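I have placed the structure first, in the form of C-alpha cells, so that the comments after it can refer back to it.
Bear in mind these aren't lab numbers, they're just calculated from the coordinates by the rules spelled out. Keep in mind that this is a model prediction, so the values were computed, not measured. Note that each Cβ is placed from the backbone with ideal geometry, even for glycine, and that neighbours are counted across all protein chains shown.
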Amino acid sequence: MAASATRRSETLESIVNVIARSAAEIRQGLVGRRGAVEAENPSGEVQMEADVWADGILRRRLSAIDGVAQYASEEEPEVFECGDIEDGFAVAVDPLDGSSNLQSNNTMGTIFGVYDQPLPASGRSLVTAGFVLYGPIITMAVANEEGVSEYELSGGERTLITDDLTLPEDPVVFGFGGRAQHWPPAIESYVETIRTELKLRYGGAMIGDVNQVLSYGGIFAYPTLETHENGKLRLQFEGNPIGYVLKQAGGRSSDGTRSLLDVEATELHQRTPVYVGSTEYVDRLEAALE
Ligand code: AHM
Ligand code: MG
C-alpha cells in the first residue's frame, strides 16, 4: 500500500460513493428477480437471481475504480484481481445479505469491507466497512478510523444523518439465528437469561437485525450450532465488516472467545460464529461459553 494518503482517501471516498449509487440500482432491480437460479454460491446455498445480479453490478463498478486491486464476493468462488495489490485496496462484499427475505418481502442489505491487505485478510486490516439497509427507506452506515456515519440514500445520493453513530447505553434488543434445537446448552441458557432483560427482534437478515442493535443497543448473534460449529456467516464478507462497524460504534464483536477482528483469516469463504453488540452482552456471552 504505497499510495499517498490523499490518493488513499480519494479511493475510499470513490468506493463508498459507488456502493451508494449501486444500491439505488440494486433496490430498483429487485422487482422481477425474486426467484432462485439453478446454481449454488461457494457456501453451498441457493442463489437468488437478485444475488447474482447485484454481485455483477458491484463487481463491474468497484473493480473499475483506480486504486481497487481486488474484488471478492460471497457469490463468487475466487478473488477477482483488478489492480496492483501493492498499491490498492481489496474490497469484499455480500451483495444481498438476507436475500432469502425476498420471498417474504422483508429487509435485506449490502455489506462491504475495504481491506488494506490481499484477501483473505484479518479484520485488523480493514480501513473502512459498512452496509446499506434496504428498509422502508435506504440507509447506509460507513465506519472508518474516525467513527461511524449514517446516511439516508435517495437516488444514490447520500444525506448525512449523523457522523457519530454510537450504541445507546441501555441495551434493549436481541436476536439469535439458527434453530434453538441446534444451539449448544450454553447458548440456550444465555438466551433464556437475556430474554428476561431484552426484547426479541429477529428478521432473518443480519443487516436488519444488526441495525436494530445499533439503534437500540443489545446483541445479535448467529451462533455456533451443534450441527455447524462455525455457524453460518462468513468472516470476510459478514463477520469482519460488522465486527468493525460495531467496534467503531462503541460496542464489540466475538467469535465466542475473541474479537472477530482477531480471528485468523485462512480461507475466502470461511465461516465463523458471530456475536456482536453492546460490550456488556458480548462479554457475558463469552463468559457463558467458557
Ligand atoms: P445470506 O448472506 O446468504 O443471505 O445469508 C446470511 C443470512 C443473514 O443475513 C441472516 O442472519 C442469516 O442468513 C439467517 O439465516 P437463517 O435463515 O438460517 O436464520
Ligand atoms: Mg449475508
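Kindly provide the Kirkwood hydrodynamic radius of the chain in Å, to one decimal, from all pairs of distinct alpha carbon atoms. Don't skip to the answer; put the middle values down first.
Numbers: mean 1/r = 0.0531 Å⁻¹.
Value: 18.8 Å, from the Cα pair sum.
Please find the FRET efficiency linking R195 to N106, where r is the Cβ-Cβ separation and R0 is fixed at 25 Å, and quote it to the nearest 0.05. Please list the in-between numbers first.
On the way: r = 22 Å, r/R0 = 0.88.
E between R195 and N106, to the nearest 0.05, is 0.70.
In debye to the nearest 20, how big a dipole does region 173-289 give about its Cα centre with +1 on each Lys and Arg Cβ and -1 on each Asp and Glu Cβ? Write out the running numbers ahead of the final one.
On the way: 11 positive and 14 negative charges, 70 e Å.
In total the dipole reaches around 340 debye.
For region 1-91, run through the GluC sites (Glu not before Pro) and keep only the ones in DSSP coil with at most 13 other Cβ atoms within 10 Å of their Cβ.
Details: sites: E10, E13, E25, E38, E40, E45, E49, E74, E75, E78, E81, E86; in loops: E45, E74, E75, E78.
When the GluC sites (Glu not before Pro) of region 1-91 are filtered for loop state and at most 13 Cβ neighbours within 10 Å, E78 remain.
Measure nothing but the geometry: give the 0 to 90° angle between the long axis through the Cα atoms of 206-216 and the longest principal axis through the Cα atoms of the chain, rounded to 10°.
70
Quick check: the distance between the Cα centres of region 229-255 and region 142-165, to the nearest angstrom?
19
What's the extension gain from R284 to E169 if we count 0.36 nm per residue and subtract their Cα-Cα distance?
Working: separation 115, 0.36 × 115 = 41.40 nm, distance 1.60 nm.
Net length gain for the segment: 39.8 nm.
Using 7 Å Cα-to-Cβ label points, what is the Q28/T159 separation (nm, one decimal)?
1.9
Among D170, D55, D87, determine the one that fluctuates most according to a GNM of the chain built with springs between C-alpha atoms less than 10 Å apart.
It is D170.
If the elastic network links every pair of Cα atoms under 10 Å, which of G130, G29, G208 fluctuates the most in the Gaussian network model of the chain?
Highest fluctuation of the listed residues: G29.
Which residue, chosen from G178, G113, V93, occupies the Cα position most advanced towards the positive end of the dipole of the chain, where the dipole is computed from +1 (Lys, Arg) and -1 (Asp, Glu) charges on Cβ about the Cα centre?
G178
Where in region 134-209 are there trypsin sites (Lys or Arg not before Pro) that are in a DSSP coil and have at most 12 other Cβ atoms within 10 angstrom of their Cβ? Spell out each step's value before the answer.
Working: sites: R158, R179, R195, K199, R201; in loops: R179, R195, R201.
Filter output for region 134-209: R179, R195.
Is there a quick way to get the dipole size of the chain? I mean about its Cα centre, with the Cβ of Lys and Arg at +1 and of Asp and Glu at -1; what is the value in debye to the nearest 20? Each step should come with its number before you reach the end.
Numbers: 22 positive and 45 negative charges, 134 e Å.
In debye, rounded to 20, the chain gives about 640.
Enter the angle in degrees (range 0 to 90, nearest 10) between the Cα long axis of helix 185-194 and the first principal axis of the Cα atoms of the chain, meaning the one along which they spread out most.
With both axes taken from Cα atoms, the answer is about 90 degrees.
If you line up the long axis of helix 279-289 against the longest principal axis of the chain, both from Cα atoms, how many degrees apart are they, to the nearest 10?
60
Explain nothing, just the number: dipole magnitude of region 5-162 about its Cα centre with +1 on each Lys and Arg Cβ and -1 on each Asp and Glu Cβ, in debye rounded to the nearest 20. Show your work: numbers first, answer last.
On the way: 11 positive and 26 negative charges, 101 e Å.
Dipole size: approximately 480 debye.
Do me a favour and compute the ellipsoid semi-axes for region 135-290 from its Cα gyration tensor, root of five times each eigenvalue, largest one first, whole Å.
Values: eigenvalues 127, 62, 42 Å².
Output for region 135-290: semi-axes of 25, 18, 14 Å.
Enumerate by residue number the trypsin sites (Lys or Arg not before Pro) in region 242-290 meeting two conditions: DSSP loop (anything except H, G, I, E, B), and at most 16 other Cβ atoms within 10 Å of the site's Cβ.
Loop-located and lightly packed - R258.
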